[in-house]
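In what follows, a structure is listed as C-alpha cells, so that the remarks can point back to it.
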Amino acid sequence: MGAGAGAQRGVEVLLQEASHREVNAVIAGMSESARNRVAAALAEPYPTSTSPPPPPLMLRAISGEKHVALPGLDDVKGDEWIPPDMPDLVRGYTKHDRKEDLVAELVAHAMKSKGWHGVDVSTIQVKDTSGYGGSKTYKVTADGVKPAAVALHSRSEEVADDELSDPRMEAASHVLSKHRLVPARIVYGGDWFIDEWEGTGQPDLSSEEAAKQVGSFLAKFHAVPHDWYNSWRQRLVERFALKFPDAQETGNGLDSVPLGSHVWFYTCRREWLDKMEPEKRASFFKTDIFAPQTAVGQRIVTTHGDLHPGNMILCGNDIKAIDLEFTTANWAIYDIGYTLNCFPTDDLKRTFLESYLLASGYPAEAHDVDTLFIDAQINRETYHFGMFAVWRFDPDELPTYKNAYDGVRADPQPYLQSGKSMLDWIQTIPEFKAAKAKTDTAKHDRTWSALAPLMVAEPKEEPIATLGWHGSEALSCELSQFSCACWVYLHQHQRYHSQRGAEAMCIASTGYHYTPDNTNGRPGNMWFGWCERKKFDFNLHGQVKELETGADDDLEFLDSQWHHVAVVYNAAEKQHILYVDGTSRRTVSYCSARSLRIPGIVAAGGSPSLRIPMAPYKTRSAGDKLLVVKVEGHQNDEYNGVYTQVEDATCDSLHCDMPFFKNDK
C-alpha cells in the first residue's frame, strides 16, 4: 500500500471518530506537506465495506516522546507536525498526567473487533508493569469483555527504529505461540502490540520444584524448530554487508559467524555491533573460546536470549515466556547459561541442568551435569553483564582467559568443589592473576601515554583542598603521593544498599563514573568511600591491584557514630594504606602505580539512602511487612519524620526488592 493510501486510512479514522469541524481543525494544524498528502489521499476511492478495518492508533516516537499519531501519517517528523491538543505519552511518566487515559483509548480502539466492542473507556484500568529494558508494558483490564485483561507492549525507540527487530519478534511469537510457549499476539501496530494477559506471577527460583519446572520448560522451548530464523539471519547478514562493505570484503562480515555464536544475541540491537571498533568487531566475530564442548550445548535451537524470572509467567502447572526481543536461533548453551545464572545456589543450578537434560532426552548423570555446568559458566561471560560483552570486549585478554578455561576443563574438580563462580575461581589461579595483571598494565600504559601532562603538585603540609558536605574545589594537577581524610557517620542499614559500588561516597575527583566502555571515567581519577556494602575503600582508575592485606570488612563502624577515615597513597612504593580512627585497617599493593590526575574538580558528598534488608522482608506475612520508618536527628529537619511505604507508579514495589517510602509531613 502506498503512502497516499496510508494517509487515506488516517483520514478515515478521523472521519469516524470526530466531527468535520474537528477534522478541519486538525488539518489546519498540519504542515503544508502533510496537508498535501491528505489531499492526495482524499482523491483516492475509499475502501469498500468488505475492506479490512483501518489500523488502530499508533504509539510513535517524536522528539524522544511518545505521541498518538494517525495511521498513514506516522512517518511525518515531529518538527513538521504534531496533532494539536493530543496528550503526550512519555516513557514512565507524562507531564499531562494522561498516560492511563491514552493507553486505555488505544487498547479500546485496537481491540474493537477482538472482543472489546462497546467497552466503556472510563471503566478501563491500566497498570504499568514495565521492567528496566527501555520498553513499556501495561496491564489493561475491563469489565464485561473477553479477554478480560490484555498486555500492551510498547517497544523502545531503539527497537522500533530497527526495521528487522519487531518483525523478527512477530515471527518468533507466531511459531512459539503455536506450541503454547508464549502468549499469542492479538493485534499490533508500528511500535507496539497487544497479547492476552496470562499467568499468576513469575516462578520463585529458590525452590527445587521451580528448578525442575524451568529446566523442563526450557527443553520444550528448545524443541521448537529453528528454521523460522533462517530468513532473518540472512537479512541481518545482508544489512551488515551493505553498511560495512570493507568488513565484508575482508571476510569479517556476519556471514563469517557460525550458526552458534555469542554474536547473534548482539544483532538484536543494531547499534551494539555497529558501534564496535572494526578490529575489535572482527575479533569478536571470530573468537571461539566460549564455544560449548557438550553435544547438548552445541545444538542449534530456538533461543529466548533473556530468560530470567521476570520474563517467565506461571500458567497453572505450566510456564510461558514473554519478551522475545532477543529471540534467535543459537547454541542451546546460550539460554542454558543465562537462566542458570538466575538460580541462587549451585544445588539448584544442578537440579535445573539435570531436569533440562532429562527433558531433552540426554543422559543426566553427575558427569553430564558437570560438563554442561562448565560450558554454561564459561559462556556466561559473553552475556550483556559479562566480561566479554561488546562494550567490554578486549581481544588482548582472550589468550589469558582461554588458558584459564582450558585448565578448568582439563581438571574440573577443584573448580566444581569451590562453590565459586567461574570468574571468581580463575582469579584465584596465580598464573591467571599474573597474566591478567600484565595485560591490564600494558593497556593502562597505552592509555597514559596519550594523556596531556598536568602540573605536578609540590609536597606540602597544608591541605591542597578542604571540602564540606557536597563541596567541591577546582584543581588541575597531578599527585604521585597524597593523603585524603574525612569524617563519616554511617548506620546499620547501609549494609543493605542495593548497588555494589561506592554506596556512601566520601570524595571523588572529576570524571569518575560508570561508562559503557567500562573505563569508569577519566584515567587517573579516584573515589574514596564506603564500598561493596561492607568496607571503606580507595580506587585510583588505571591501577592494577596485586595484593590486599588486613581486615576483610569494616561493618563494626556502621554504628551511628562519627569515625575518622583516611587513605595514604604513594606511587613510588606502589601501595595505599587505609586508616580508621588512626589505626591501619588494610594495605593494598599494586603491580604498577601511577599518579592521581585531577584535571578538573575534586568533590565530597554521597547518597545517605535508606535501604531495607529484603531477605527477611520477603519472608514476612502481609500483615507483618515493614511499612513505616522513622527518621530523626538529621541536621536538615526536612528529612526528619515518619516515612510510609507506598506503591511506586512504575513498580509493584510493595512486593519487589525496591520499596519506596514517602515522608508523611
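The values are calculated or read from the model by the stated rules, or taken from the named source; none is laboratory data. It should be emphasised that the depicted structure is a prediction, and the values quoted were computed from it without experimental measurement. Every residue, glycine as well, gets a Cβ built from its backbone with ideal geometry; the counts of neighbours run over all protein chains shown. Note: accessible area is taken over every heavy atom of the protein model, side chains too, but ligands, DNA and RNA are not part of it. Shrake-Rupley method; radii C 1.70, N 1.55, O 1.52, S 1.80 Å.
Using a simple spin-label model with pseudo-atoms 7 Å out from Cα toward Cβ, Ala241 and Lys146 lie 5.0 nm apart. Can you pull the percent of the stretch 214-305's accessible area that's carbon plus sulfur, 1.4 Å probe, other chains left in place? Ligands and nucleic acids excluded, carbon and sulfur give 52 percent.
In plain terms, the chain from Asn230 to Ala450 could stretch by 74.7 nm, reckoned as 0.36 nm per residue minus the Cα-Cα distance.
Simple spin-label estimate for Thr250 and Glu532 gives 4.0 nm between the two label positions (7 Å along the Cα-to-Cβ direction from each Cα).
Averaged over residues, the count of other Cβ atoms within 10 Å places the peptides 241-250, 479-488 in the sequence 479-488, 241-250, highest first. With both labels modelled 7 Å from their Cα along Cα-to-Cβ, the Asn341 to Asp161 distance reads 2.6 nm. Shown in residue order for the stretch 181-188 are the 3J(HN,Hα) couplings computed by the Karplus curve 6.51 cos²θ - 1.76 cosθ + 1.60 at θ = phi - 60°: 9, 9, x, 7, 5, 9, 7, 8 Hz (x for Gly and Pro). Magnitude of the charge dipole for the stretch 111-185, about its Cα centre and with charges confined to Cβ atoms of Lys, Arg (+1) and Asp, Glu (-1), is about 520 debye. Sparsely packed loop sites in the stretch 523-611 (the GluC sites (Glu not before Pro) outside DSSP H, G, I, E and B with at most 16 other Cβ atoms within 10 Å) comprise Glu532, Glu573.
For Asp559 and Thr200, what does the FRET efficiency come to when R0 = 51 Å and r is the distance between their Cβ atoms, rounded to the nearest 0.05? With a Förster radius of 51 Å, E is 0.70. The spacing between the stretch 395-436 and the stretch 230-251, judged by their C-alpha centroids, is 35 Å. On a per residue basis, the stretch 181-250 carries 50 Å² of accessible surface, using protein heavy atoms and a 1.4 Å probe. Rounded to the nearest whole Å², what accessible area per residue is found for the stretch 403-495 with the 1.4 Å probe? Heavy-atom SASA per residue in the stretch 403-495 reads 64 Å².
Along the stretch 360-375 the Karplus relation, 6.51 cos²θ - 1.76 cosθ + 1.60 evaluated at θ = phi - 60°, assigns HN-Hα couplings of 8, x, 10, x, 10, 6, 4, 5, 5, 5, 4, 5, 5, 4, 5, 3 Hz to successive residues, with x for each Gly and Pro. Measuring between alpha carbons in the structure, the pairs from Lys139/Lys320; Lys243/Lys286; Lys436/Lys535 lying more than 22 angstrom apart are Lys436/Lys535. Rounded to the nearest 0.05, the FRET efficiency derived from the C-beta distance between Ser421 and His117 at R0 = 41 Å is 0.15. Shown is the FRET efficiency for Glu462 and Ala551, computed with R0 = 25 Å from the Cβ-Cβ distance and rounded to the nearest 0.05: 0.25.
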